[in-house]
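The values are calculated or read from the model by the stated rules, or taken from the named source; none is laboratory data. Keep in mind that this is a model prediction, so the values were computed, not measured. Every residue, glycine among them, receives a Cβ derived from its backbone with ideal geometry; neighbour counts consider all protein chains shown. Surface areas here come from the heavy atoms of the whole protein model, side chains and all, with no ligands, DNA or RNA. Shrake-Rupley method; radii C 1.70, N 1.55, O 1.52, S 1.80 Å.
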Amino acid sequence: MTKSTRKPSRVSTPKVTPALVAAHGLKPDEYERVQALIGRAPKFTELGIFSAMWNEHCSYKSSKVHLRTLPTSAPWVIQGPGENAGVIDIGDGLACVFKMESHNHPSYIEPYQGATTGVGGILRDVFTMGARPIACLNALSFGAPSHPKTRQLVSGVVAGIGGYGNSFGVPTVGGEVRFHTRYDGNCLVNAMAVGIAAKDKIFYAAASGVGMPIVYLGSKTGRDGIHGATMASAEFDDDSDEKRPTVQVGDPFSEKLLLEACLEIMAKDCVIAIQDMGAAGLTCSAVEMGAKGDLGVTLELDDVPCRETGMSAYEMMLSESQERMLMVLKPEKEKEAEAIFRKWGLDFAIVGRTTPTKRFIVKHGGKVVADLPIKELGDEAPVYERPFVETPKQPVVRAGDVTPPMNTTDALVRLIGTPDLCSRRWVWEQYDHIILGNTVQRPGGDAAVVRVNDGPKALALTADVTPRYCEADPFEGGKQAVAEAWRNITAVGARPLAVTDNLNFGNPERPEIMGQLVGCIRGIGEACRALDFPVVSGNVSLYNETNGRAILPTPTIGGVGVLDNFMASVTLAFKAPGQTILLIGETVGWLGQSIYLRDICGREEGAPPPVDLAVERRNGDFIRTLIALGTATAVHDVSDGGLLVALAEMAIASGIGAKLERPPIAVHAYWFGEDQARYVVTVEDGEAGRILDRAREGGIPARAIGTTEGDALTMAGERPILVAQLRESSEAWLPAYIAGTRS
């Protein structure tokens, strides 16, 4: 509706009271700070703006001081944290643009729409930078399978991710799924998107030039998503369903049009600055564009395209309706840009101007409804150094402390069919993981491999974290999450380059939760420095708890690596009978916090395995050398479930069995311990001796542990187990659970 015909809202604005301030998530001292900053009590719309800009989701007020310690630079980093997405140089004049963000609270309230809008939002973060998205990943954490809401959440979230990504036309190529009772009241949905752009044609959010037109692009504004960012910064309680109106509704087909229109006007050199309307919608996008450019912004809300009549200024400023962008446009390109957007059937409206005042002025119905200092809206947000206590160290669980309750074969069959280790095929087959025709390695391996354009260059992509490690020892758990991502990228033959993180924790106002956050960030930072694996983007999601019960600390790491030639990548599947199986890395049989200890022995306890980053780097470099030389025929890192689970996964992927040698240490610790920095590698029989000699020269623990043969896994002293039986156990649980025939 145009300015001349739309009538402004006649709804009277409520009086700003202490109760209303509290309802907006501002504490009394924060509200006093607002009053001191502007020299008066805020108007209703201004209160909403401060609420949006100063909530945890947008301001990082509890985490900022610790995030500053992370390594964010390297010769290949073009843009680190602070923009819509991170950017790295991948050679040949190309850049990889990527980021991960959470949509946890919305997905718990409304699983389908929460997940779809999470995917839509992260895709916009990538193409706002001028990149065409080429892949999506996700990391999903759900409650115990027996919880009455878990099945509905799994079904809704997976359908939402597939529904948006498949319709938009980008492959969903990887991720992870876990189940634990600590997520019963608060699932996690972390979405990652990756795109490709010319490295000299990256677009940023900082506005420049006085009097430049500010243009609203995309879909119309509605009442969905109002207070979405504020809701994302609050704990849940038993009335979470009442928050349903704060969940946005996505339209992937509109977003596809928005992508094409944005890339077209970027190619036509129309854009000065561009910002996705994500969390806090028009408020956050306008403030960030102006503040980053040291400029003021004046908005005329009467010109904002709305799909509902009578919307108030407050509603328009805080709406999180999807598929919208804000742009500072070159004035001489206005008609050309408008024609492009009209061609794609999208709204295009000049809704404001840049000014030299450094004020954020919002007008509606001929009245000024907000007049605030634009820099201070972001720069003066509270920054807390919250008190924290370190997580107490847990005792080491030694092999002799654990009596195996069953034989090795039975334990393997049970483990491979548990919720955390079973096949995720039911999930990823609902995603179009081959659209665009560039998916080289599909879901189910260590890392996805996606060809860049027509190749030969490719990207390796992964998302990893082990929350039970982070709970027991946040520092080691943070290190391990990075090391696991680094190993998964290494295992397909790629060179790890950079990470994005998604830090999911409980209430930071509780010192023990803040201690988890601080410890994990310290561990992530140390690992990223040691592995030359900088953090270039990310997201923090706090207050993930319900009725005072927090999630497991879950700092998800999204890793990106590069392959010069996708044909050189390897998979985890055994390739042929008669090949030698090598174990690279030292095995002491670490059982603390292992899946075996938890799911077979019923003991969720102990210190997690330590991560020696120098050893991680040394062993990983050795593996990549074997792959580059063409010597390694299959590679798989050893992680959850330990060595025997890794071998079973390699056998299941190929249908080929293995004859395995007698363990040199306690059987249960050897087969199921979760020692770090380890890989299983297969090589032609004649190469094994040379590789073992080379490893010995480099001080790398390596030993031959068996050969590929037959159709069963055969272990000394244990009954053989058919690969077909392992596959049946692995594939059965998740489809049966969703169908309601298994709990």
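From the alpha carbon gyration tensor of the stretch 348-501, can you work out the equivalent ellipsoid semi-axes (sqrt of 5 times each eigenvalue) and give them in Å, largest to smallest?
Working through the eigenvalues yields semi-axes of 46, 29, 16 Å.
How do H147, H668 rank by accessible surface area computed with a 1.4 Å probe, from largest to smallest?
I get H147, H668, largest accessible area first.
May I ask you to rank L583, L722 by accessible area, largest first, using a 1.4 Å probe over the protein chains only?
Correct descending sequence by accessible area is L722, L583.
At R0 = 60 Å, how high is the FRET efficiency between V210 and E390 if r is their beta carbon distance? Nearest 0.05 is fine.
Efficiency computed from Cβ-Cβ geometry: 0.75.
About its Cα centre, what dipole magnitude does the stretch 524-673 give when the only charges are +1 on Lys and Arg Cβ and -1 on Asp and Glu Cβ, stated in debye to the nearest 20?
Dipole size: approximately 280 debye.
Highest mean first, what order results for 67-75, 512-520 on Cβ atoms within 10 Å?
On the way: 67-75: 15.3, 512-520: 24.2.
Peptide ranking by packing, descending: 512-520, 67-75.
Please calculate the 1.4 Å probe accessible area of K268, with all protein chains present, and give it to the nearest 10 Å².
Looks like 90 Å² after rounding.
What size of dipole, in debye to the nearest 20, comes out for the chain about its Cα centre when the only charges are +1 on Lys and Arg C-beta atoms and -1 on Asp and Glu C-beta atoms?
1180
With no solvent and one equal point scatterer per Cα, compute the Debye intensity ratio I(q)/I(0) for the stretch 523-607 at 0.11 Å⁻¹ and report its log10, rounded to two decimals.
One equal scatterer on each Cα of the stretch 523-607 leads to -0.66.
For G290, what is the net charge nearby, where nearby means another residue's Cβ is under 11 Å from its Cβ and Lys, Arg count +1, Asp, Glu -1?
Computed value for this residue: +3.
In Å, the Kirkwood hydrodynamic radius of the stretch 53-105 over pairs of distinct alpha carbons?
Every distinct Cα pair counted, the radius reaches 13.0 Å.
Roll a 1.4 Å probe over the protein heavy atoms and report the accessible area of R442 in Å², nearest 10.
The value for R442 is about 130 Å².
Got a sec? What order do R703, R696 fall in by accessible area at 1.4 Å, biggest, i.e. largest, first?
Putting R703, R696 in descending order of accessible area: R696, R703.
Roll a 1.4 angstrom probe over the protein heavy atoms and tell me the percent of accessible area of the chain that is carbon or sulfur.
Whole-percent figure for carbon plus sulfur exposure: 51.
Here is the link list: K256/K457; K27/K256; K64/K393. Which ones come out longer than 30 Å on Cα distance?
K27/K256
Which one, L299, I374, S541, is farthest towards the positive end of the dipole of the chain when Lys and Arg carry +1 and Asp and Glu -1 on their Cβ?
L299
Could you pull the Cα extents of the stretch 468-510 along its three principal axes, largest to smallest, in whole Å?
42, 19, 12
Starting from the Cα of R40, step 7 Å along the direction of its Cβ; do the same at Q152; then give the gap between the two resulting points in nm.
4.7
Please name whichever of P106, C187, A573 sits farthest to the positive end of the charge dipole of the chain, dipole taken about the Cα centre and charges placed at Cβ: Lys and Arg +1, Asp and Glu -1.
It is P106, whose Cα lies furthest towards the positive end.
Rounded to the nearest 20 debye, what is the charge dipole size of the stretch 262-393 about its Cα centre when +1 sits on each Lys and Arg Cβ and -1 on each Asp and Glu Cβ?
Dipole size: approximately 160 debye.
Just in the stretch 603-659: which trypsin sites (Lys or Arg not before Pro) are loop by DSSP and have at most 10 other Cβ atoms within 10 Å?
Sparse-neighbourhood loop trypsin sites (Lys or Arg not before Pro): none present.
What Rg and what Dmax come out for the chain when only alpha-carbon atoms are used, in angstroms?
26.2, 85
Below 11 angstrom from the Cβ of K268, what's the summed charge of the other residues (Lys, Arg +1; Asp, Glu -1)?
Summing Lys and Arg as +1 and Asp and Glu as -1 gives -1.
Quick check for you: which residues of the stretch 606-648 have the amide N under 16 Å from the point 7 Å beyond the Cα of R414 toward its beta carbon?
Hits in the stretch 606-648 for R414 at 16 Å: 641-642, 645.
Please report Rg over Rh for the stretch 626-734, where both radii come from the alpha carbon positions and Rh follows the Kirkwood definition.
0.96
Determine the relative contact order of the stretch 487-612: mean sequence separation of Cα pairs under 8 Å and six or more apart, normalised by residue count, in whole percent.
31
Find which of N407, V465, L326 sits farthest along the positive direction of the dipole of the chain, computed with +1 on the beta-carbon of Lys and Arg, -1 on that of Asp and Glu, about the Cα centre.
Most positive-ward Cα: L326.
Gain in length, M567 to E336, computed as 0.36 nm per residue apart minus the alpha-carbon separation, to one decimal in nm?
The M567-E336 span can extend by a further 78.9 nm.
Can you tell me the accessible area per residue over the chain, all protein chains present, probe 1.4 angstrom, in square angstrom?
34
Using the Cβ atoms and a cut-off under 12 Å, what net charge is assigned to the surroundings of V440, where Lys and Arg are +1 and Asp and Glu are -1?
Counting the neighbours of V440, the net charge comes to +3.
How big is Rg to Rh over the stretch 1-150, alpha-carbon atoms, Rh as the Kirkwood inverse-mean-distance radius?
On the way: Rg = 20.7 Å, Rh = 19.6 Å.
Across the stretch 1-150, the Cα-based Rg/Rh ratio is 1.05.
For the chain, what is the calculated [θ] at 222 nm in deg cm²/dmol (nearest 500), taking -39500 (n - 2.57) for each run of four or more DSSP H residues and dividing by its residue count?
Calculated mean residue ellipticity at 222 nm is -10000 deg cm²/dmol.
Check the straight Cα-Cα distances from K335 and name the aspartates and glutamates below 16 Å, setting aside those fewer than 8 residues away within the same chain.
E264, D269, D347
What is the spin-label model distance, in nm, from K27 to R68 if the labels are put 7 Å beyond Cα along the C-beta direction?
Taking the two extended label points, one gets 1.9 nm.
Provide, for q = 0.11, 0.20, 0.22 Å⁻¹, the log10 of I(q)/I(0) from a solvent-free Debye sum over equal Cα point scatterers in the stretch 463-592.
Calculated log10 I(q)/I(0) at the listed q: -0.46, -1.10, -1.23.
Any of K220/K358; K43/K358; K99/K375 with alpha carbons more than 22 Å apart? Name them for me. Intermediate values should be presented prior to the final figure.
On the way: K220/K358 28 Å; K43/K358 19 Å; K99/K375 25 Å.
Too far apart for the 22 Å limit: K220/K358; K99/K375.
Quick check on the stretch 290-378: what are the equivalent-ellipsoid semi-axes from the Cα gyration tensor, as sqrt(5λ), descending, whole Å?
The equivalent ellipsoid of the stretch 290-378 has semi-axes of 22, 18, 11 Å.
Given N residues in the stretch 579-666, what is Rg(Cα) / (2.2 N^0.38 Å)? Each step should come with its number before you reach the end.
Details: Rg = 14.7 Å, N = 88, 2.2 N^0.38 = 12.1 Å.
With N residues counted in the stretch 579-666, Rg over 2.2 N^0.38 Å equals 1.22.
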